[in-house]
Amino acid sequence: MQSTATVLVYSDDANTREQVRLATGRRPASDAPEVQFIECATLPAVLKELDRGGIDVCVLDGEAVPAGGMGVCRQIKDEVFRCPPVLLLIGRPQDAWLATWSRAEAAVTLPVEPVEFAGALAALLRSRQAVGA
């Protein structure tokens, strides 16, 4: 099992990025690797980090402006070779269909609820390890 995982967190809101870090802690579950965060506040920064490689999971804020996480997710799924799985933060449960449209592997609602978020992140990290990426 990989000892650390790199999670890219995209939001224009520093408070949202902090909620993600706090909900995750050092690791989202006892059987998941420890997590290192790369925080991005703009779409160009996200694309730069993905080009650099080494990202295990992306957490994208669907409410971010001007580039919302749903559109960013769809874009990176089209443009990034072996795009990492995406956990989308959505504004309301009714937006789940948009998360499906964006091709995100998982979605949770804002504000970040720590147990729900950590469970979703841990599941994506486990699936990433299972395929040996």
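The values are calculated or read from the model by the stated rules, or taken from the named source; none is laboratory data. Values in this document were obtained by computation on a predicted structure and should not be read as measured data. No Cβ is skipped: glycine too gets one built from the backbone with ideal geometry, and neighbour counts run over all protein chains shown. These accessible areas exclude ligands, DNA and RNA; they are computed on the full protein's heavy atoms, side chains included. Shrake-Rupley method; radii C 1.70, N 1.55, O 1.52, S 1.80 Å.
List the residues whose amide H sits under 5 Å from the amide H of ILE38, counting only those 5 or more places along or on another chain, with H placed 1.01 Å from N in the peptide plane. Amide H neighbours of ILE38: VAL7, LEU8, VAL9.
Determine the sum of side-chain charges near THR42: Lys and Arg each +1, Asp and Glu each -1, restricted to other residues whose C-beta is under 13 angstrom from that of THR42.
Here the count lands on -3.
Under a 5 Å amide H cut-off, with hydrogens placed 1.01 Å from N, ALA106 pairs with VAL86, LEU88 among residues at least 5 apart or on other chains. As an equivalent ellipsoid, region 67-133 spans semi-axes of 19, 17, 8 angstrom, where each value is the square root of five times an eigenvalue of the C-alpha gyration tensor, largest first.
Taking a Cβ cut-off of under 12 Å around TRP101, the surrounding Lys, Arg, Asp and Glu residues balance to a net charge of +2, with basic ones at +1 and acidic ones at -1. You can think of it this way: the chain between ARG103 and SER127 has 7.1 nm of extra reach, that is 0.36 nm per residue less the Cα-Cα gap. Quick check: from the Cα gyration tensor, does the chain come out rounded (a/c under 1.5), prolate or oblate? It is rounded, given that a/c, with a ≥ b ≥ c, falls under 1.5. Under the simplified labelling scheme, the ALA96-ALA14 pair shows an inter-label distance of 3.5 nm, with each label point 7 Å from Cα along Cα→Cβ.
Quick one: plug the Kirkwood hydrodynamic radius of region 1-62 (C-alpha pairs) into Stokes-Einstein at 4 °C, 1.567 mPa s, and report D in µm²/s. Once the numbers are plugged in, D ends up at 109 µm²/s.
Hey, any idea what % of region 4-133's accessible area is carbon plus sulfur with a 1.4 Å probe? Let's see the in-between values first.
Values: 3350 of 6270 Å².
It is 54 percent, rounded to a whole number.
If each DSSP helix of 4+ residues adds -39,500 (n - 2.57) and the sum is divided by the residues in the chain, what number results at 222 nm, nearest 500 deg cm²/dmol?
Details: 5 runs with 56 residues, N = 133.
Roughly -13000 deg cm²/dmol at 222 nm, from the helical runs in the chain.
With θ taken as phi - 60° and the Karplus curve 6.51 cos²θ - 1.76 cosθ + 1.60 applied, the whole-hertz 3J(HN,Hα) list for region 84-97 is x, x, 10, 10, 9, 9, 10, x, 7, x, 5, 7, 4, 5 Hz, x standing for glycine and proline. Applying the Karplus relation 6.51 cos²θ - 1.76 cosθ + 1.60 with θ = phi - 60° to region 61-69 yields 3J(HN,Hα) values of 7, x, 9, 5, 10, x, 9, x, x Hz, where x marks Gly and Pro.
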